[in-house]
Amino acid sequence: MIEKKPEVVRRTQSARLRAAAVKNHGKKHIHGFTDFIRTQGVVGLAVGLVLGGAVTLLVKSLIDNIVMPPLGLLLGSSDGLKGLTLSLGKTTDGEPAMLHYGTFLNDFINFLVIALVVYLVVHTLGLDKIDKKKE
């Protein structure tokens, strides 16, 4: 004679099977995610972004506080390059219309120095040879 399992036992076994399926499915996704991080270099990218932000702040401080004040004094501005302006005339309100070309020059020099520092770091550490296309 075949004995029927009580309803509680059948539901418990069914729930265990579903939990095992979810667990295996989750493991598959976690494994895929970790493979993605390893193969795509996500960790290296994150480290690069953090270090890039720190280098940017350092270089910007160097330029704003060390390089620009003497350069501005040579060009006749006590505010460094940021103080260089050109008067374009007066607006209809009687306010002077000013072209702040010194701010642009300051930001342009910031960009050039940051690009040079990044190039030198990448070239000196040999990081330009690490990222090769997968074959």
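All of the numbers you see were taken from the coordinates with simple rules; none came from a lab. Since this is a predicted model, take the numbers as computed values, not measurements. Positions of Cβ are backbone-derived with ideal geometry, glycine not excepted, and every protein chain shown enters the neighbour counts.
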For region 41-135, what number results from the quotient of the Cα radius of gyration and 2.2 N^0.38 Å?
1.56
Exposure-ranked with fewest Cβ neighbours within 10 Å first, Asp93, Asp64, Asp35 stand as Asp93, Asp35, Asp64
Peptides 47-56, 67-76 ordered by average Cβ neighbours within 10 Å, highest first
67-76, 47-56
Return the FRET efficiency for the residue pair Thr85, His31: r is the Cβ-Cβ distance, R0 is 41 Å, and the value is rounded to the nearest 0.05.
0.10
Given the Cα-Cα distance of Thr56 and Arg38 and 0.36 nm per residue of separation, how much length would full extension add, in nm?
3.8 nm
Trypsin sites (Lys or Arg not before Pro) within region 35-135: DSSP coil, no more than 13 neighbouring Cβ in 10 Å
Lys132, Lys133, Lys134
